[in-house]
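A.B. asks: Quick one: structure below, then a few questions.
Just so it is clear, none of the values below were taken in a lab; they were calculated from the coordinates. Predicted model only: the values in this text are computed from it and were never measured. Virtual Cβ from ideal backbone geometry, glycine too; neighbours counted across all protein chains shown.
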Amino acid sequence: MSEIKLIITGPPGAGKTTAIAAISETAPVKTDTHTTDDLAAVKEQTTVAMDFGELTLDDGQKVFLYGTPGQRRFEFMWKILVEGGLGLIILVDCSRPDPLADLHMYLDNFADFIRQTSVVVGLTRTDHPDAPAVAEFYSSIESSGRVLPILEVDIREREDVALLINALVSTLEFSR
Amino acid sequence: MKTLSCKGFSSKDQLVLKSLIDLIIARTSDTWTYSDGDDSDVVIIDTDNLDDHDAVFRHLESRHTVAIEYTSDTTASSRLRLQKPLRAANLISVFNSVEARIANAEADESHTHDTLQPLASQEPTPEILTALDEGQAKYLSISAGDTTCFIDLPGNRYTCRGDLTLPAVLGASDRTVSTTPQVENLATTGEWRPYPALRWLLGTSLSNGELLRGINPNGQFKLHHWPPAEVPRAAPYTLSLCALLSREAGASIEEAGAQSGVARADIIGFINGAYLARAITTPAATKPTGAPVATEADTSAPSKPRGLFGKIRDRLMRKAR
Ligand SMILES: Nc1nc2c(ncn2[C@@H]2O[C@H](COP(=O)(O)OP(=O)(O)OP(=O)(O)O)[C@@H](O)[C@H]2O)c(=O)[nH]1
Ligand SMILES: [Mg+2]
């Protein structure tokens, strides 16, 4: 059986580690360390290599969940982690200064992988007063001609992580 | 309260059935519970797994127990049927028609089950939705049980008086709906709540299997954006429809039904909701039926076996291992 793997990416603090902890059936493997640079003002811990979790299907097959490190200085890890992946979930933290630019940065960086597979966008911390409306995200990707699922979620809730994976599975099954 | 049991189910399907019942309870008007006993109101029979299912049906019918077949067979049948794989939406609609059967049978013993109609035929027609769409009506009041919800469509907001939530009231089989042109006519007391999924939800729950007036049913429908997360949270089958209708070439109602296994009435409800939310392009009314759209996307097989996606879905529906 080939390895089934889903990748979760997004900026620091978007909730990648939180998402995997919420849904994984094994205690997630984290590689978080204390933040040192500018990020330390916002966040105590950050992921330096990857997060890892897993789900077991009824027939025993495993689905592996990989979370990329958020910070750009770990960009080299991104290409390695998506190798052989089934699809991508991009989490966008709507409390950051420019969430639309964040989304486009990840869409561009993973463009090759997305073209071969599929992508779902999860918007987190959408209750922030400056959070852009979902419609703004859709308008900003309109020119690409591709319709991506963009869903507002509470990434701390297992049901919402399941919703993103379900949406990804639906696009893999029916959108291509 | 109604009790339900199953016969011939694999242990996995039985598990899925039990968890679905817990999940959908808010969308059925009666309370359903799973029972392992022998005298339940309703029995679902996996006819693919049982050789002597005709005898089982005869036996149950002689006891006036409602028997439902559960099968992957798609040829026509006079029996109440749940199509494989188990889906929440199908279960809700079967439960609601069973409730109607039992209620009708109690009201009139002379009725045989053949003459009993699923409840859908008594539901409000999509005239209401068309009136909302065309602006003749702007405000709705919807009641079920002791709850009344008021909807301000231009304001994309609602308020409810009573214990039920808006999705529960919209999904209740005994709900009544009325419209009014003036917001002052609504006897609201509570606070208005914004609800971005409102138009989608009205489409999926009030369509009664009919497209809004003026929508051409023949041709490709193309979705421009996915609904708010509340919609797939309440109705997971909408995820398949979203994916099918967001293809570059879109999809026809027939294609969407054949590929997703979602009932035609649910597809139409979803399209109406997307139309009300201005999220979908519908086929041009002037075009002859079935514009040629044989694109590669329609014919190419997925690169991974379909079974895998179904298995991932099954796994996500279970809480923990
Ligand atoms: N208040 C609030 N907190 C949230 C919400 N969503 C996520 N969080 C919190 O945001 C934090 C996200 O942190 P992580 O999961 O470590 O983020 P990450 O994407 O792994 O970040 P890096 O590893 O640094 O790239 C967690 O503390 C969550 O509990 C939300 O909607 N509201
Ligand atoms: Mg992390």
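A.B. asks: Please give me the summed charge of the neighbours of B:Leu4: other residues whose Cβ is under 13 Å from its Cβ, Lys and Arg +1, Asp and Glu -1.
C.D. replies: Value of the local net charge: -4.
A.B. asks: Let me ask something else about it. Per residue of B:242-249, count partner chain C-beta atoms within 10 Å of its C-beta, then hand back the mean as an integer.
C.D. replies: Counting Cβ atoms of other protein chains within 10 Å of each residue's Cβ and averaging gives 6.
A.B. asks: Read phi for every residue in the stretch A:8-21 and hand back ³J(HN,Hα) as whole Hz from Karplus 6.51 cos²θ - 1.76 cosθ + 1.60, θ = phi - 60°, with x for Gly and Pro.
C.D. replies: Per residue, the Karplus-derived 3J(HN,Hα) values read 10, 10, x, x, x, x, 6, x, 5, 5, 4, 4, 5, 5 Hz.
A.B. asks: Let me ask something else. Going by amide H atoms built from the backbone, whose H comes under 5 Å of the H on A:Gln45, apart from near neighbours?
C.D. replies: Here the answer is A:Thr35, since their amide H atoms fall under 5 Å of that of A:Gln45.
A.B. asks: Using the count of nearby Cβ atoms within 10 Å as a rough guide to exposure, how do A:Glu54, A:Glu152, A:Glu142 rank from fewest to most?
C.D. replies: Ordered from fewest to most neighbouring Cβ atoms within 10 Å, A:Glu54, A:Glu152, A:Glu142 come out as A:Glu142, A:Glu54, A:Glu152.
A.B. asks: Excluding A:Ala111 itself, what net charge comes from residues whose Cβ is under 13 Å from its Cβ, given Lys and Arg +1 and Asp and Glu -1?
C.D. replies: Around A:Ala111, the charge tally is +1.
A.B. asks: Could you list which residues have their amide H under 5 Å from that of B:Phe9, counting only those 5 or more apart in sequence or on another chain, with H placed in the peptide plane?
C.D. replies: Those lying under 5 Å, H to H, from B:Phe9 are B:Asp46.
A.B. asks: Also, quick follow-up: Residue by residue, what Karplus-based ³J(HN,Hα) values in Hz, rounded to whole numbers, does the stretch B:141-157 have, using 6.51, -1.76 and 1.60 with θ = phi - 60° and x for Gly and Pro?
C.D. replies: Values per residue, Gly and Pro as x: 10, 10, 10, 8, x, 9, 10, 10, 10, 10, 10, 10, 5, x, x, 6, 9 Hz.
A.B. asks: Among B:Asp133, B:Asp314, B:Asp73, which comes first, then next, by fewest other beta-carbon atoms within 10 Å?
C.D. replies: Least crowded to most crowded, the residues run B:Asp73, B:Asp314, B:Asp133.
A.B. asks: A further question follows. Quick one: if the Förster radius is 51 Å, what FRET efficiency do B:His59 and B:Arg213 give, using the C-beta to C-beta distance and rounding to 0.05?
C.D. replies: Efficiency at R0 = 51 Å is approximately 0.60.
A.B. asks: Right, here's the next one. As a footprinting exposure proxy, order B:Leu50, A:Leu91, A:Leu6 by other Cβ within 10 Å, with the fewest listed first.
C.D. replies: Lowest to highest Cβ neighbour count: B:Leu50, A:Leu6, A:Leu91.
A.B. asks: Filter B:Lys12/B:Lys222; B:Lys2/B:Lys84; B:Lys222/B:Lys311 down to the pairs with a C-alpha to C-alpha distance above 30 Å, please.
C.D. replies: B:Lys12/B:Lys222
A.B. asks: Tell me, what HN-Hα J-couplings in whole Hz come from the Karplus equation 6.51 cos²θ - 1.76 cosθ + 1.60 at θ = phi - 60° for each residue of the stretch A:117-133, using x for Gly and Pro?
C.D. replies: Each residue's phi maps through the Karplus curve to give 10, 7, 9, 10, 10, x, 8, 10, 6, 6, 7, 5, x, 9, 4, x, 6 Hz.
A.B. asks: Per residue of A:134-142, count partner chain C-beta atoms within 10 Å of its C-beta, then hand back the mean as an integer.
C.D. replies: 2
A.B. asks: Principal axes first, then extents: for the Cα atoms of chain A, list largest minus smallest coordinate on each axis, whole Å, largest first.
C.D. replies: 45, 40, 30
A.B. asks: Same structure again: To the nearest 0.05, what FRET efficiency results for B:Glu134 and B:Ser78 with a Förster distance of 56 Å applied to their C-beta separation?
C.D. replies: Using R0 = 56 Å, I get an efficiency of 0.90.
A.B. asks: Could you work out how far the C-alpha centroid of the stretch B:163-177 sits from that of the stretch A:65-92, in angstrom?
C.D. replies: The stretch B:163-177 and the stretch A:65-92 have Cα centres separated by 43 Å.
A.B. asks: Same structure, new question: Work through the residues other than A:Ala14 whose Cβ is under 9 Å from its Cβ and net out their charges, Lys, Arg +1 and Asp, Glu -1.
C.D. replies: +1
A.B. asks: To continue, here is another question. Taking amide H positions as placed 1.01 Å from N in the peptide plane, with prolines and chain starts having none, which residues 5 or more places from B:Trp226, or on another chain, fall under 5 Å of its amide H?
C.D. replies: Placed amide hydrogens put A:Ile150 under 5 Å from B:Trp226.
A.B. asks: With the cut-off at 1.5 for a/c, could you classify the stretch B:2-107 from its C-alpha gyration tensor as rounded, prolate or oblate?
C.D. replies: Rounded.
A.B. asks: Run the numbers for A:Val29 and A:Ser139: contour at 0.36 nm per residue of separation, minus the present Cα-Cα distance, in nm.
C.D. replies: Working it through step by step, the gained length comes to 35.9 nm.
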